[in-house]
Each structure stands twice: as C-alpha cells, then as structure tokens.
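Written out below as structure tokens is the structure these notes cover.
The values are calculated or read from the model by the stated rules, or taken from the named source; none is laboratory data. Quick caveat, the model's predicted, so the values are computed rather than measured. Please note: Cβ atoms are built from the backbone with ideal geometry, for glycine as well, and neighbour counts cover all protein chains shown.
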2 protein chains.
Amino acid sequence: MAQIYGKVALIGLGLIASSMAHAMRRGGVAAEISGYARSQATRDTARRIQLCDTVCDSAEAAVEGADLIVLAVPVGAMGVVAEAIAPHLKPGATVIDVGSVKAAVVEAVGPHVPDGVHFVPTHPMAGTEHSGPEAGFASLFDNRWTLIVPPDGADRAAVERVEAYWQALGANCERMEVTHHDLVCAVVSHIPHLIAYTMVGVADDLSRVSDQEVIKFSAAGFRDFTRIAASDPTMWRDVFLTNKEATLEMLGRFTEELFALQRAIRTGDGEELFDYFTRTRAIRRGIIEAGQDTDAPDFGRAKKHDR
Amino acid sequence: MAQIYGKVALIGLGLIASSMAHAMRRGGVAAEISGYARSQATRDTARRIQLCDTVCDSAEAAVEGADLIVLAVPVGAMGVVAEAIAPHLKPGATVIDVGSVKAAVVEAVGPHVPDGVHFVPTHPMAGTEHSGPEAGFASLFDNRWTLIVPPDGADRAAVERVEAYWQALGANCERMEVTHHDLVCAVVSHIPHLIAYTMVGVADDLSRVSDQEVIKFSAAGFRDFTRIAASDPTMWRDVFLTNKEATLEMLGRFTEELFALQRAIRTGDGEELFDYFTRTRAIRRGIIEAGQDTDAPDFGRAKKHDR
Ligand SMILES: NC(=O)c1ccc[n+]([C@@H]2O[C@H](COP(=O)([O-])OP(=O)(O)OC[C@H]3O[C@@H](n4cnc5c(N)ncnc54)[C@H](OP(=O)(O)O)[C@@H]3O)[C@@H](O)[C@H]2O)c1
Ligand SMILES: NC(=O)c1ccc[n+]([C@@H]2O[C@H](COP(=O)([O-])OP(=O)(O)OC[C@H]3O[C@@H](n4cnc5c(N)ncnc54)[C@H](OP(=O)(O)O)[C@@H]3O)[C@@H](O)[C@H]2O)c1
C-alpha cells in the first residue's frame, strides 16, 4: 500500500492500461486515475466497468493536472498522442510509454516533451492475446519484468520513481539501453510472434488439410503457437514497421538455422538433428527455474471453464 | 469400468506407455499389465513405482500370452522390436503402435506380424515435453484425439476393439488414411516442433543477447516455444527421419510465407502485415471452442507450484 503518484492519466485503455488500472487500485499506487481512449465505444465500456475514476473525452482533458501520464497506445500512434497532450502537461510531471519498441518511440515522442517534464520509456514484458479495456487483470505484471530505458541525461529521481511505480504494480525492473532493448525484444518477442503468425497462416491456407483437422488435432504441438498468433493485429503491425532492423536481422539468423535443419532432414543426418534437439532443453529448464513458467504437464489446457 | 483386453503388454515404458498404464488402471481396461523397456534403469524405476503388474527383462517374456501388445518406443525402433517379439505372439492377439509417424511404421512393423495376429497402427494426439516412466498421468488422453490408421483388409472386429480400448482410456477416435495422417501430423505437430527447436536454438546461439536475458524476458512470447522444444531428442530425430517427405513439403510452404512477411517488413507494407495478422485469429477461436485449449489469460503460467 504505497502511493507513488497523485493523479495518473492513462492514454489508451487496452489490455496494458486496464491491467495497470487494476494493479494501481490493488496496491493503492495512485490517488486518482483518469483515462482516455480514441473511440467512444471503448470510453463507454471503461465507464461502465468503472475502470478509472474519470474517463475523459479528450486526451488533453485526461492529462490535466496529472503527475504521471502513461502512453498505452500502439507504437505507431505514440507520436500523435504525445504531440496532442504536450501543451497540457503539468510542469514536473512524468510521461512514460509502454510500447513494445523503444528506439522508434523515443524518436517519435521525445521531441514533443516540453522542458520541465520527464520522459521515461518503459516496456512491461508481459501480455496475453486479449485486448481492449475488459482484458486487463491486476496480476498481469506480477513477477514479470518491466524494462526501463532512460534516455541520456534523464532525471535520476524521476527514473527511480517510475521504477518504484512499476514495482508497486508487481513487476521487477531492469534498466536497458535503447538499441539493446529492441534487439532483445526481437528475439524473445517479435520473431516468436512473427513465426507463430506464419505457422498458423500456413495451416489455415492448406487445401489438403482442413481447418477442422488442424483445430481438432492441435494438441500435438500446433496449439502452442496459436495463443500468440491471436494477438492484436494493429499492435503487431506497428511493432514490425518500427523495429524493422532488429527483426530482419533475427529473421535472417532464424532462416539460416532452419535451412541447416532442413538439409539435415533431406540428407537423413540423424546425428545433427539429435544434437540440435538436445541443446534446447537447457533453456527450458532455465525458464522454469526463473519462475517464468510452470513445469506442470499440459497445465491449464485440460479444462475449459477455468477463467 | 469396462475391461477390453485380458493381458496388455507395454513395450517401451516412457511418457505414452506409462500414461496408458495409469489410464488402464483408472478405467479397469485390462485384467493384467506387463511391461518391458530397453534399459535396466527404466525397468527398475517402473518396478519401484509399480507401473505394471510385472516388468520383464525381455520383450519376448512381456508379450507372452498377451491379448494386446502396445509398441511405445521411438519410431526408429519399432521394426527391431516387432521382429524380436513376432515369434512369441499369441494367435488372435492384436499389436498396436503409438508412433507419431505412420507410413514408416507400417512399413517397418507390418512384414513381421505373423498370420493370425492383427496389426492396427494408432497415434494418440497428446503429449507433454516430459519423458520416461515417471512422466505419465492417467488423464493425458482425456478429450484428446487418437488417430486409428487401419491397413487395407484389417479385421473389422479387431479395429473396433482397439477403438473401444482408446475410448476407455479417455480418448476420442478418428480413422485416417496413412499418407493423410503423415501430412496432417507434419502440419499440426512435426513442423511446429521443428520451428520451436529452431527458434530456441537461435536464441541460445546469439552472442549479443545472453541466455539469461532470453530466460528472464521469455514471458513476452518466446516461452510458448520452449515447452515443445524441450521434447525428447530421440523421438523427434526419428520423426523427421521417417516423415521426411511431408515435413519437407510443409517446410517449403512455411518458408515461402515467411519470406512474404519478411518482404512486407522490409518494404514497410503495413496493410499486408495487418491483413495477415487478422486472418489467424479465427483458428485460435476454433481451438478454444473445440475444447482443445482454455481461454484463460496466461493460465497456468503465473504460479510455480501447481503440479
Ligand atoms: N499486449 C501485449 O502483449 C503488450 C505487452 C507489452 C507492451 N505492449 C504495448 O502496449 C501498448 C498498448 O497495447 P495493448 O495490448 O494495451 O493494446 P490494446 O488492448 O489493443 O489497446 C490499445 C488502446 O489504444 C487506443 N488507441 C489506439 N490508437 C489510438 C490513437 N491514435 N489515439 C488514442 N488512443 C488510441 C485504443 O483505443 P480504441 O479502443 O478506442 O481503439 C485502445 O484503448 C502498445 O504500444 C503495445 O506495443 C503490449
Ligand atoms: N511424447 C509425445 O508427445 C508423443 C505423443 C504421441 C506419440 N508419441 C510416440 O510414442 C512413442 C513413445 O514416445 P514417449 O514419449 O513415450 O517416449 P519416451 O518417454 O522417451 O520413452 C521411450 C521408451 O522406449 C524405450 N525404448 C527406446 N528404444 C528402445 C528399443 N530399441 N527397444 C526397446 N525399448 C526402447 C525406452 O526405454 P529406455 O528408457 O530404457 O531407453 C523408453 O521406455 C514414440 O514412437 C513417439 O513418437 C509420443
């Protein structure tokens, strides 16, 4: 129960912002929460479920008097939103974003932030395939990492307060340099999503295997790809458009390896396949030990009504 | 509580066989269960946990007097095992296998099956990344599909009894033609596993991103690949060596699509990316509706001690 900021304004009211609202309330992290989303429909929903103390009809109104402003819109919309709210920011306030890409956001948002207002880019490494104001839940960030990417010369106290805020929402924080952030995320998030989308797209597109067969027999492995391939198309379009360099580099490495395995299959090189498949187990063990997944067999897959 | 067979012999005592043993006991499906595995260590473990009524020191001894013989060894070992037990099979008995590939198993096992013994290839479409005699659990097959791939001219009563047996273990059954089976499995299982292995291999191999970073931040998508990439290397080596044609065909389709998306990223074609990412959501919904997964956000991922 530690209040970190007075008024917090959420711009964008999707999965991430709504989870932040629930986690702020759970922890007593903010004195007041205001919110804004682009469409009337989303604002109406947010009002109906009482996601914020007030939902405003403009971003400008929402940021009025706010101590912390959270940009929680798709990466491609960050710049426009920052420009619109800039003249209305309270001196001494802090702006953070939660975008999945950092170099492009820093470039788009940075120039609009007025003197006397702090800008601290952040990225919570947690998510689900659901989106919108009703998708959020208070525990989304618990025991997950939020990356903090402070620009050169950022105010030390402002950055530390942002870290305290994310910790109060349940997250662990780690600082990272902006280019390295975009590379790490290409590996742990962006390329896995692209590959999952591709695999599901291929399966959907076959004439000799029906969608019904794919769906029925998905428990044999395919299913594990479909969760992330159901994520929001706008968000992911923006990610790939704005983290082009790192994703193309990693994609190059991926196809190189895939071709090596393809050749091993074609030539019947069992030893090469066996060795490759053996190496990858250690990473899985590391993830379970680090508490980022559970070891339960097929856990959460068996029943339908667990939500 | 329906006994389907008198004595059942399990050859190979890994994840699949041990799950079958638990499910047989749960349902009273067999009067007696015997077992055999190649190594002394596995047989000792099986005895210690009382997986079977008797664990034998040879496959020949295990199949003595058995009404149903289950070949639950890696696909590449099916032929040798079938050859070894052939002279010891009881007239009228039924042999099934549970291999993940069917054409190669039919070819390797079929010629060894003596006249008067039935051979019905089957494939339970369920699994976890764990292996060995202690990995099994009774509910593995519940509400999952088992594919039945009867050869031309198979005895109708024998096939129906095999179906009743799998149903008694909790599975739904569907018959499928052998070549189609191998193609469907390439799509829903073999290619997803190969891709997951590749992705994890790439991440493991980078010099600019550490394993520790990959592990810490895996919740952002990467994690979903690691479960299947931790599966048994011997099993998967054999799958790719024996289902070469279908996996190479599907791999060709996959890389074709991946290159199209890569080009869209390179040229900044946001519309193409958006459209592609939109199409794939329907399949996910189908899987949830078919009861092959749960819709819970991040379900089973949050806590560590759920097993
Ligand atoms: N989902 C994840 O797994 C995840 C994880 C980490 C970080 N992120 C990042 O978090 C941010 C938000 O993602 P999310 O998952 O919360 O998305 P979401 O559920 O799709 O919500 C996006 C929100 O942004 C609003 N919005 C879109 N364009 C806007 C604009 N031009 N002006 C004002 N509001 C606009 C939307 O309003 P309407 O509803 O009215 O359209 C909606 O409320 C993205 O930058 C994403 O990269 C996402
Ligand atoms: N795991 C899955 O997800 C899954 C799903 C559907 C079908 N399948 C198929 O089911 C079969 C078994 O898989 P599993 O996951 O149960 O494997 P597993 O846990 O690795 O167990 C394999 C068993 O086979 C024994 N074995 C290996 N080579 C042998 C040989 N030459 N002679 C006699 N026994 C031998 C092993 O004995 P030792 O322990 O002594 O080495 C072990 O008991 C495979 O054909 C696989 O394709 C697997």
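For region B:99-149, the tally of residues that are of a type in the set (D, E, K, R), closer than 23 Å to residue B:243 by Cβ and either within 11 Å of ligand 2 (Cβ to nearest atom) or surrounded by 19 or more Cβ atoms within 10 Å (Cβ to Cβ) (or both) stands at 3. Restricting attention to region B:279-305, the residues that are modelled with pLDDT under 75 and either under 21 Å from residue B:141 (Cβ atoms) or of a type in the set (A, V, I, L, M, F, W, C) (or both) total 4.
For region A:96-122, residues that are in a loop (DSSP other than H, G, I, E, B) and polar (S, T, N, Q) total 1. Taking the criterion of being hydrophobic (A, V, I, L, M, F, W, C), surrounded by 24 or more Cβ atoms within 10 Å (Cβ to Cβ) and over 15 Å from residue A:216 (Cβ atoms), would at least one residue in region B:172-183 satisfy it? No, the conditions are met nowhere in region B:172-183.
For region A:75-95, the candidate set comprises residues that are of a type outside the set (A, V, I, L, M) and part of a loop (DSSP other than H, G, I, E, B); within that set, the residue that is surrounded by the most Cβ atoms within 10 Å (Cβ to Cβ) is A:90.
In a residue-by-residue description of region A:215-234, the property of being surrounded by 21 or more Cβ atoms within 10 Å (Cβ to Cβ), modelled with pLDDT of 95 or more, of a type in the set (Lys, Arg) and not assigned by TED's automatic domain parsing to the domain that holds residue A:103 applies to no position. The set of residues from region B:128-153 being closer than 27 Å to residue B:115 by Cα and at pLDDT 95 or above comprises B:146, B:147, B:148, B:149, B:150. Look at region A:118-132: where a residue is under 14 Å from residue A:169 (Cα atoms) and more than 9 Å from chain B (Cβ to nearest Cβ), no partner that is of a type in the set (Lys, Arg) and within 11 Å of ligand 1 (Cβ to nearest atom) sits 6+ places away or on another chain with Cβ atoms under 6 Å.
In region B:249-295, which residues are more than 22 Å from the chain's Cα centre (by Cα), among the hydrophobic types (A, V, I, L, M, F, W, C) and surrounded by fewer than 19 Cβ atoms within 10 Å (Cβ to Cβ)? Within region B:249-295, B:259, B:260, B:274, B:282 qualify.
At pLDDT 95 or above and of a type in the set (Lys, Arg) - does that describe any residue in region A:169-185?
Scanning region A:169-185 turns up at least one residue that is at pLDDT 95 or above and of a type in the set (Lys, Arg).
Taking region B:145-186 only, how many residues are without any contact (Cβ under 8 Å) to a residue 60 or more places away in the chain and either assigned to a loop (DSSP other than H, G, I, E, B) or more than 14 Å from chain A (Cβ to nearest Cβ) (or both)? Summing the residues that are without any contact (Cβ under 8 Å) to a residue 60 or more places away in the chain and either assigned to a loop (DSSP other than H, G, I, E, B) or more than 14 Å from chain A (Cβ to nearest Cβ) (or both) in region B:145-186 gives 17. Against the test of being surrounded by fewer than 17 Cβ atoms within 10 Å (Cβ to Cβ), modelled with pLDDT of 95 or more and at negative phi, the options B:208, B:156, B:161 yield a single qualifying residue, B:156. Residues of region A:273-285 include at least one that is in the same structural domain as residue A:189 (by TED's automatic domain parsing) and not in a helix (DSSP H, G or I). Does residue B:77 satisfy the criteria of being within 25 Å of residue B:111 (Cβ to Cβ), within 14 Å of chain A (Cβ to nearest Cβ) and within 16 Å of ligand 2 (Cβ to nearest atom)? Judged against the criteria, residue B:77 is a match.
Filtering region B:202-237 to residues that are without any contact (Cβ under 8 Å) to a residue 12 or more places away in the chain and within 18 Å of residue A:271 (Cα to Cα) leaves only B:233.
Among the residues of region A:78-89, those that are closer than 15 Å to residue A:121 by Cα and free of Cβ contacts under 8 Å to residues at least 40 places away in the same chain comprise A:78, A:79, A:82.
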